[in-house]
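Worksheet: one structure, shown below.
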Amino acid sequence: MKPIIFSVLILIGMLSGCSPAERSDERKPYPNVLFFFADDQRADALGCSGNPYIKTPNIDRLAETGVRFSNAYVMGGHHGAICAPSRAMLMSGKSLFHVYDVLEGIKTMPIHFAEQGYETFGTGKWHNGSSSFEASFQKGENVFIGGMSDHFQVPLRSLGKDGILTEPVEKGYSTDLFAEAALDFLQKYAAGSREAPFFCYVSFTAPHDPRSPRDDYIGMYPDENLPLPGNFKGLHPFEFDDLNIRDETLAPWPRSPQIIRASLADYYALITHLDERVGGIIEQLKKLELFENTIIVYAADNGLAIGSHGLLGKQNLYEHSTKVPLIISGPGIPHNETTDALVYLFDIYPTLATLCGLPEPEGVDGKDLSRVIRGETESVRNTIYTVYRNTARAVRDDTWKLIWYPQRNYKQLFNLKNDPLELLNLVTHPGSQSKAEEMMALLEKWYAETNDTATLFPATNLPLEYDYKKLQQIPDRHQPEYVLKRYFGR
């Protein structure tokens, strides 16, 4: 929504006897929204999720003052850059096959909030095209239109008064630039009339690679102090897609314990830096006396393997890659609660609308989680369906998970309660056949209901075997000198 339309909304509110910052029924101020979105952060890469090795005190405090979802998922993607469809689903409230990664012509979450009188601001990564950012936000600073870049040389744009993004200019370190833009917005907002509530979206590019922390964070986590993932493997046991996709080239094959520990050390350093900037923004909210009336969301667009199952990236359907952090904190939200409800990122849009007292958005697939947050119900769905390209499909309930690889005619069946690391494939075990058939039927049901476009049962099948020696480790153009020396030996 552009400024003229927004001004009309304010005028209408004034003429009706209430400002856009007040509910017409209860005469209470609408809550502000501060939305933090991380890039490629595993759900277990937080102290509050039970990880004793990483330092995330500020995000942990958010969990202490809010509700943490321990089973939040991205639905997946139709290509290797999972970030793009994930973000489109988040902003549209739609499932993958109803939006893919295209937001043009879609009423996004910030548009919905702006139509109800909110002042909207965005900074950081937007992986869905410049025109949809321009349509979604009234203000924007340090905006990155793209998938990834060197953290030290991010091409950033500003949203001009004409509602058009400027040409990109390379600036300093990504995490700091996005945090500073958010701080500047909040300072200017607080100095204004505060008549309209704000929707502030801060989308970091960390901890997405390049795994190059700011210099003063390098060595924060000594490599040798970090344990390997419990499901670490040198190689993935079978081929299911392109195992030489860009994300997988960040370490040689087989994966060595040394290089995975190094990757985790830099990954954790990126997250701790992000956590400190999140803490600074929240502290600014408090100083400006905005904190008490602000709903704060912390989430990430997808997980990451980093050595789990012999993989590095997010182009798979194991829990480490599809499960994401999700914390919601703020006025009216219970403190220090954790729910194991099965939820998607695209549930956030209708949930925030309800929590803020806005009309329910139309045409969304997401479920309103407000009753789960308030403890009035334990769940909004009993199962979750995830997908990757045309090569993998998965379904899970509260205990069981089945992964189906259509092009390989291969199944994996895991009991997640007994085997959360997905190490023991039970599909051929005695007594598991009926469960595998039950989960496969459930997967086919989800396939039909989501308008999935893959061929679920191809006429011919590809082999599971592969020769890892044919895989090539080639750095992309965004990897800085630190990464080239540490991970590529250059």
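Contact list please: Cβ distance under 6 Å, first residue in the range 47-62 and farther than 19 Å from Ala265 by Cβ and buried (at least 21 other Cβ atoms within 10 Å of the Cβ), second residue among the polar types (S, T, N, Q) and at pLDDT 95 or above, pairs at least six apart or on different chains.
Pairs found: Leu62/Ser329.
Quick one: count up the residues across the range 365-392 that are assigned to a helix (DSSP H, G or I) and not hydroxyl-bearing (Ser, Thr, Tyr). Spell out how you get there, then give the answer.
Kept after step one, since they are assigned to a helix (DSSP H, G or I), are these residues of the range 365-392: 370-373.
If we keep only those that are not hydroxyl-bearing (Ser, Thr, Tyr) too, we end up with 371-373.
Number satisfying all stated conditions: 3.
Looking at Ile296, is it within 23 Å of the chain's Cα centre (by Cα), modelled with pLDDT of 95 or more and farther than 30 Å from Ile373 by Cβ?
Details: within 23 Å of the chain's Cα centre (by Cα): yes; modelled with pLDDT of 95 or more: yes; farther than 30 Å from Ile373 by Cβ: no.
When the stated conditions are applied, Ile296 does not pass them.
Please specify each residue of the range 459-484 satisfying the condition of being more than 24 Å from Pro207 (Cα to Cα) and surrounded by 15 or more Cβ atoms within 10 Å (Cβ to Cβ).
Once the filter is applied, which keeps residues that are more than 24 Å from Pro207 (Cα to Cα) and surrounded by 15 or more Cβ atoms within 10 Å (Cβ to Cβ), the range 459-484 yields Leu462, Tyr466, Tyr468, Leu471.
What helices (runs of 4 or more DSSP H) completely inside the range 27-130 contain at least 2 residues that are farther than 15 Å from Leu326 by Cα?
The qualifying helices (runs of 4 or more DSSP H) are 83-92, 96-99, 109-115.
Could you count how many residues in the range 246-259 are out of contact with any strand residue (DSSP E or B) (no Cβ under 8 Å at 6 or more places or on another chain) and either exposed (fewer than 15 other Cβ atoms within 10 Å of the Cβ) or not in a loop (DSSP other than H, G, I, E, B) (or both)?
Here is the first cut: in the range 246-259, the ones out of contact with any strand residue (DSSP E or B) (no Cβ under 8 Å at 6 or more places or on another chain) are 246-254, 256, 258-259.
From what is left, the residues that are either exposed (fewer than 15 other Cβ atoms within 10 Å of the Cβ) or not in a loop (DSSP other than H, G, I, E, B) (or both) are 246-250, 254, 256, 258-259.
Total meeting the criteria: 9.
Could you tell me whether the range 170-188 includes any residue that is touching a residue at least 60 places away in the same chain (Cβ under 8 Å), farther than 25 Å from His309 by Cα, in the same structural domain as Phe144 (by TED's automatic domain parsing) and exposed (fewer than 14 other Cβ atoms within 10 Å of the Cβ)?
For the range 170-188, residues touching a residue at least 60 places away in the same chain (Cβ under 8 Å), farther than 25 Å from His309 by Cα, in the same structural domain as Phe144 (by TED's automatic domain parsing) and exposed (fewer than 14 other Cβ atoms within 10 Å of the Cβ): present.
From the set of residues in the range 134-158 that are crowded, with 19+ Cβ neighbours inside 10 Å and among the polar types (S, T, N, Q), which is farthest from the chain's Cα centre (by Cα)?
Gln138
For Leu484, work out the one condition from (1) closer than 22 Å to Leu311 by Cα; (2) in a loop (DSSP other than H, G, I, E, B) it doesn't fulfil.
(2)
Counting just the residues of the range 427-477 that are closer than 22 Å to Asp397 by Cα and of a type in the set (Lys, Arg), which one comes out farthest from the chain's Cα centre (by Cα)?
It comes out as Lys435.
Can Thr166 be described as β-branched (Val, Ile, Thr) and without any contact (Cβ under 8 Å) to a residue 12 or more places away in the chain?
Working: β-branched (Val, Ile, Thr): yes; without any contact (Cβ under 8 Å) to a residue 12 or more places away in the chain: yes.
Considered against the rule, which asks whether it is β-branched (Val, Ile, Thr) and without any contact (Cβ under 8 Å) to a residue 12 or more places away in the chain, Thr166 comes out as yes.
The values are calculated or read from the model by the stated rules, or taken from the named source; none is laboratory data. This is a predicted model, so every value here is computed, not measured. Heads up, the Cβs are rebuilt from the backbone with ideal geometry, glycines too, and the neighbour counts pull from every protein chain shown.
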